[in-house]
1. Considering only DSSP beta bridges whose two residues both sit in the chain, what percent are antiparallel, to the nearest 5?
2. Computing the accessible area with a 1.4 Å probe over protein heavy atoms, can you report the carbon and sulfur percentage for the chain?
3. Per-residue HN-Hα couplings for region 171-186, Karplus 6.51 cos²θ - 1.76 cosθ + 1.60 at θ = phi - 60°, whole Hz, x for Gly and Pro?
4. Which of Y73, Y88, Y16 ends up with the largest GNM mean-square fluctuation for the chain, with Cα atoms connected below 10 Å?
5. Note the listed values (i) 8, 31, 35, 17, 6, 3, 1, 0; (ii) 10, 39, 40, 11, 0; (iii) 9, 37, 39, 14, 0, then indicate which one is P(r) over Cα pairs in 10 Å bins from 0, in percent calculated from this particular structure.
6. Let me have the 222 nm mean residue ellipticity of the chain computed from DSSP H runs of 4+ only, each contributing -39500 (n - 2.57), with the sum over all residues rounded to the nearest 500.
7. Please state the charge dipole magnitude for region 72-154, taken about the Cα centre, from unit charges on C-beta atoms (+1 on K and R, -1 on D and E), reported in debye and rounded to the nearest 20.
8. If amide H atoms are built 1.01 Å from N in the plane of the peptide, which residues on other chains or at least 5 residues away come under 5 Å of the amide H of F59?
Amino acid sequence: MFYQPVRPPYLLRWYYPAFIWKVPAADKSVYLTFDDGPIPEVTPFVLDTLKEYNAKATFFCIGKNVEQNGDIYKRILKEGHRTGNHTYNHPNGWNTTAGKYIANVQQAQQYIGTDLFRPPYGLIRKAQSKILMRNFKIIMWDVLSYDFETENTPEQCFRNVTRKIRPGSIVVFHDSIKAQPNMEYALPKTLHYLKEEGYACKAIQF
């Protein structure tokens with residue numbers, strides 16, 4: 001099994017201290033997040049599973065997907081979840097000029113309307129982040145499931161989360177086709193584990 005840094009490296013957190021990596025923990029609350037949706041093949045499964053466990057989450061949505069699947073986006077909001085901006089079409093911030101990157105985020109914002117942002121791939125330049133932080137809180141993560149890694153097994157994805165999760169953890173899953181096999185196995189088991197351990201799954205609120 002290849003090395004999986006489930007927690008973000010210290011140097012990354014040090015370099016971006018203004019980003020939100022974890023929520024201050026006053027109780028046993030955790031914050032499940034889902035990147036790259038909404039799409040009809042996967043997001044309804046996530047919503048159905050969250051509903052089964054009375055869990056709330058935060059969906060970092062691609063603007064293009066919201067444009068094409070507005071009914072699913074409305075369901076996310078109707079069921080009490082939070083949404084965040086994940087750009088319009090998932091550009092890599094390290095390979096994109098600040099002007100083009102900000103324009104991409106603004107294009108997505110026409111369909112999402114939020115003050116939360118997560119950079120695709122977790123990659124963003126400081127110049128880009130300084131502009132975005134005027135209007136957004138940049139949400140990163142405390143636990144990365146690696147459900148998007150096709151070499152990963154569903155069981156390993158589940159273990160990545162449950163071995164590292166703690167009060168205040170922001171956990172990353174993906175409602176995407178690529179992550180679907182791993183996520184659809186790991187999410188229900190994770191929610192069952194959290195329920196047994198006395199955790200509450202909440203949407204991010206700042």
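1. Values: 1 of 21 bridges.
Antiparallel bridges make up about 5 percent of those DSSP assigns within the chain.
2. Working: 5020 of 9770 Å².
For the chain, the apolar C and S fraction of the accessible surface comes to 51 percent.
3. 10, 9, 10, 10, 9, 9, 4, 4, 8, 3, x, 6, 5, 5, 7, 6
4. Ranking Y73, Y88, Y16 by mean-square fluctuation puts Y16 first.
5. This structure yields the entry labelled (iii).
6. Details: 8 runs with 81 residues, N = 206.
That comes out to -11500 deg cm²/dmol.
7. On the way: 11 positive and 6 negative charges, 107 e Å.
Dipole of region 72-154, to the nearest 20 debye: 520 debye.
8. F34, R82, T83, G84
The values are calculated or read from the model by the stated rules, or taken from the named source; none is laboratory data. Note that the coordinates shown come from a computational prediction; the quantities given were computed from them, not determined experimentally. In this analysis, Cβ positions are derived from the backbone assuming ideal geometry, glycine residues included, and neighbour counts consider all displayed protein chains. Just so you know, the surface numbers come from the protein's heavy atoms only, side chains and all, with ligands and any DNA or RNA stripped out. Shrake-Rupley method; radii C 1.70, N 1.55, O 1.52, S 1.80 Å.
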